[in-house]
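Every number in this text was worked out from the coordinates using simple rules, so none of it is lab data. Values in this document were obtained by computation on a predicted structure and should not be read as measured data. Positions of Cβ are backbone-derived with ideal geometry, glycine not excepted, and every protein chain shown enters the neighbour counts.
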Amino acid sequence: MTEKIFEIRHIDKLYGTLLANDDVSIHLNQGEILCLVGENGAGKSTIMKILYGLEAPTDGEIFVKGQKVHFHTPSDAMARGIGMVQQHFMLFENMSVAENIVFKNEISKGLFMDRKQTVQTVRKLSEKYGLKIDPEAKIEDCPVGLRQRVEILKILYQSAEIIIFDEPSAVLTPLEVESLLETIKSLAASGKSIVLITHKLQEVMTVADRIYVMRAGKVVAERLRGETDTDELAYLMVGHHPALREVPAAKPGKILLETKKLSLHREGRDILKDIDLHVDAGEVVGIAGVSGNGQTELEMCLTGLQRPTGGQVFLQGEEVTNAGVKAHRDSGMAYISEDRYLWGSAGEATLSENVLMAKENRPEFNSNNFLKQKAIKAYTKRLIERFSVKANDTEQKIRELSGGNAQKLITAREIMMDTPVLICCEPTRGIDIGAMEFIHDRILEKRENGCGVLLVSSELNEIMTLSDRIYVLFEGKITGEFKRGAVDEKTLGVLMLGGRHD
């Protein structure tokens, strides 16, 4: 009989009147890869946070190796062999790989860290699990794929037997995803037990032994990988079969957004170098690149959050190179930022207050400097309903929403700004299939209405599906430009890593 390494029995989790987990029972077998899939707000992240000690259940029980446990903190979970690789890496940029891996569990020599022994230990650990890294490299010099390896090694260094991966491929290229999935399979083969939270169903069908599907806080299905396929899983998640998308040919018009020799020099190096790009009316232009190659700085220079050190930015023919955020807004730009919490929202503000951002002076919401609260709430309610945001009411704080629902609300706010230029940075990161379809439809709707859309995304399928033209960004330079259909996903992934088209 297969040993259950953990078992969650009849867990409920209430946030006020919101039932995030409703009688959830799941288990993980020794050496198994278990995939947890579901829409945003389905409760999958909540149940894993409860297992990892980040949240306390309202009701129910947890057993680890047959023994009932009560976790109050992640340290309690780690003490029982449970580790979690977070979607947003928790690493110290100015420290070495080895220092990050042993942090809080240092190898000491007297009063000080034994650096030589630390490097040797980390190197042996990386070799044991086939996770090649340089222990002495600085984190700030490591690309995203290597940083993820460091996060995994941190968990392994602490002798975790159960490893939870939360959307681990969100910022990886196709080649890095292949490597990650091989790592997950290798870890399971070595005796580790894995839980993988992902919305990418092809990944599920590549590595899963068993799959749980959650919807509206409940487990609605359990499947062995050999008993299902991506079509059934998508249907179980969203309640309908996703439509096949056919994007009509673009009919580009005048240039709406343009950069000429845009450059950013900082801390002795070129972050952006001589960027020439343009976005025309009636087209979606994609920026493909591995996170950390200048995408963040490019979006900041284009939106007024960062002043470039060279070159020019034009919006509808007017130069806005050194203008601030408000000037960019007033000139016809809407902006979905890559970080929904840092730039995209105010966590302690209500949904109504977040929706109002950049609209506070519009006459429909403001009369003689007095806000029309009734109109604001009604507008917020319409956006919540139209974009299927799962929320209690318009006065709920945005930080109380799931990440995917917060993203939907921010996307709704920006798409409904009715501007000629829309900059979308990771618009569907962490979003489920149903919400992704809806947001893609809205982006294409903007395009059909003559808007110019700049799409920055680490999701290559998203870039290739929506983009009429694609620029490849590598180490702050544009290294390629392709029209729709002129490049395949694997070649694009190679180019994103600095390879050549040939």
Using distinct alpha-carbon pairs, which all enter the 1/r mean, Kirkwood radius of segment 280-430 in Å: 16.4 Å
Whole-Hz Karplus ³J(HN,Hα) for segment 203-217, in order, using 6.51 cos²θ - 1.76 cosθ + 1.60 and θ = phi - 60°, x for Gly and Pro? 5, 4, 6, 8, 10, 5, 8, 9, 9, 10, 10, 10, 8, 6, x
Under-5 Å amide H pairs with Gly311, H placed in peptide plane, nonlocal only: Ser263
Order of 94-103, 404-413, 107-116 by packing, highest average Cβ count within 10 Å first? 404-413, 94-103, 107-116
³J(HN,Hα) computed for each position of segment 180-193 - Karplus, 6.51 cos²θ - 1.76 cosθ + 1.60, integer Hz, glycine/proline x: 4, 5, 5, 4, 4, 5, 5, 5, 5, 5, 7, x, 6, 10
Binning at 5 Å from 0, report for segment 427-471 what percent of all alpha-carbon pair distances ends up in each bin. 5, 21, 33, 27, 11, 2
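Taking Rh as the Kirkwood radius, which is the inverse of the mean 1/r over Cα pairs, what is the Rg/Rh value for segment 342-418?
Across segment 342-418, the Cα-based Rg/Rh ratio is 0.94.
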Residues whose placed amide H lies under 5 Å from that of Gly286, excluding near-sequence neighbours: Leu455, Asp468, Arg469, Ile470, Tyr471
Residue-wise HN-Hα coupling along segment 371-376, computed from phi with Karplus coefficients 6.51, -1.76, 1.60 (Hz; x: Gly, Pro): 6, 8, 4, 5, 5, 5
Report Rg(Cα)/(2.2 N^0.38 Å) for the chain, keeping two decimals. 1.01
Subset of Lys138/Lys477; Lys104/Lys124; Lys4/Lys408; Lys372/Lys397; Lys65/Lys390 violating a 29 Å alpha-carbon distance limit: Lys4/Lys408; Lys65/Lys390
Mind listing P(r) for segment 1-138? All alpha-carbon pairs, 5 Å bins, whole percents. 2, 8, 15, 17, 15, 13, 12, 10, 6, 2, 0
Compute the Rg to Rh ratio over segment 120-212 from the alpha carbon atoms, using the Kirkwood formula for Rh, and round to two decimal places. 0.95
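Given a Förster distance of 56 Å, report the FRET efficiency between Ala56 and Ile255 from their Cβ-Cβ distance, rounded to the nearest 0.05.
That gives a FRET efficiency of 0.55.
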Translational diffusion coefficient (Stokes-Einstein; Kirkwood radius from C-alpha pairs) of segment 238-298 at 37 °C, 0.692 mPa s, in µm²/s: 224 µm²/s
How large is Rg over Rh for segment 447-498, taking Rg from the Cα atoms and Rh as the Kirkwood inverse mean of 1/r across Cα pairs? 0.96
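In Å, what Kirkwood hydrodynamic radius results for segment 29-106 from the alpha-carbon pair distances?
Taking the inverse mean of 1/r over all distinct Cα pairs, segment 29-106 comes out at 14.7 Å.
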Computed FRET efficiency, Cβ-Cβ of Gln373 and Asn449, R0 22 Å: what is it to the nearest 0.05? 0.15
For segment 263-337 and segment 73-98, what is the centre-to-centre distance using only Cα atoms, to the nearest Å? 34 Å
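Which of Lys200/Lys490; Lys260/Lys326; Lys260/Lys359 have a Cα-Cα distance over 28 Å?
On the way: Lys200/Lys490 17 Å; Lys260/Lys326 22 Å; Lys260/Lys359 30 Å.
In this structure, Lys260/Lys359 lie more than 28 Å apart at Cα.
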May I ask you to give the average projected area over all directions of the convex hull of the Cα atoms of segment 4-238, in nm² rounded to one decimal? 13.3 nm²
From the Cα trace of segment 91-140, what convex hull volume per residue do you get, rounded to a whole Å³? 74 Å³
Any idea what angle helix 433-448 forms with the longest principal axis of the chain, computed on alpha-carbon atoms, 0 to 90 degrees, nearest 10? 10 degrees
